[in-house]
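Structure, as structure tokens:
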Amino acid sequence: MRMESVFLFDLDGTLVDSVYQHVLAWKEALNQEGIELSVWRIHRRIGMSGGLFMNQLLRETGIEISAERLERLARLHAEAYGRYADQVRPLPGARELLSVLDADGHHWAIATSGRMETAAPNLRALGVDPNKVPVVTRDQVKYAKPDPDLFLAAAARLRAPIETAVIIGDSIWDMLAARRCRGLGVGLLSGGYGLDELERAGAARVYEDPADLLVHLDEVGGRR
């Protein structure tokens, strides 16, 4: 008997156009702490856990960062992102894609490395109510991407085997996490990573954005 696929979505850069707002928010936070880091280096780390982001920051800058400073940076980032949040819009085709999945009886959930504090305005922009749709955030798991915990928790919320999951994300961290939990990784170019990067990280298929994925939904198990 064939098991139906479930769809697990990243949020930033996958369903909403928010990656660069996060980049600028992190840049503001780092600047306020007197830490110089190029914008492109920040972008390369959007989508991974905040803790891993900070570990890589330590390696690149050689700056010693205390637990107190880490907490302050996270707070400054959230505050700065709040000022950009009204710029965030759903990516082309995102709402339509979710509507089609609903209409065709496919179960889906959202799994984001962000905490609910920064995810909430993105969910509002997308028109998703976390009281009605399974949403797993960084607050709810021990480790975020590239660890698989977020996607495993989202599949559990849907009561589905992770092997039946189509995991859709825009970053290499999403694809690495998908590979580690044995889901089918599907990459989108809408977060700024390239085709070859996503494929090397494990993406079975890569599309431009949610609108392009919707056109090719049958290729990843979204039979209508």
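Near Arg205, the amide H atoms lying under 5 Å from its own belong to Gly187; only residues 5 or more places off or on other chains count, and H is placed 1.01 Å from N. Taking 22 Å as the straight-line reach from the Cα of Lys27, the lysines in range (excluding those fewer than 8 positions away in the same chain) are Lys145. Most simply put, the chain has about 5% antiparallel DSSP beta bridges, counting only bridges with both residues inside it.
For the chain, the membrane-span-like helices by this rule, meaning whole DSSP H stretches whose C-alpha atoms cover at least 24 Å of axis and whose Kyte-Doolittle mean is -1.0 or above, are 67-84; this says nothing about an actual membrane.
Annotation: amide H-H contacts under 5 Å for Val136 (H modelled 1.01 Å from N, sequence separation of 5 or more, or interchain): Ile110, Ala111, Thr112. Model label sites at Arg72 and Ala211, defined 7 Å from Cα along the beta-carbon direction, differ in position by 4.4 nm. Between the range 1-68 and the range 94-140, the alpha-carbon centres lie 19 Å apart. Taking the Cα-to-Cβ direction at Arg124 and at Ser99 and moving 7 Å from each Cα, how far apart do the two end points lie in nm? For Arg124 paired with Ser99, the spin-label model returns 2.2 nm. Packing order of peptides 145-156, 118-129, highest average first: 145-156, 118-129 (average count of other Cβ atoms within 10 Å over each peptide's residues).
D by Stokes-Einstein for the chain, Kirkwood Rh over Cα pairs, 10 °C, 1.306 mPa s: 91 µm²/s. Annotation: amide H of Ala165 within the under-5 Å range of Val6, Leu184, sequence separation 5 or more or interchain, hydrogens built in the peptide plane.
Read the figures in this text as sums done on the coordinates, not as results from a lab. Since the model is a prediction, treat every value here as computed from it, not as a measurement. Please note: Cβ atoms are built from the backbone with ideal geometry, for glycine as well, and neighbour counts cover all protein chains shown.
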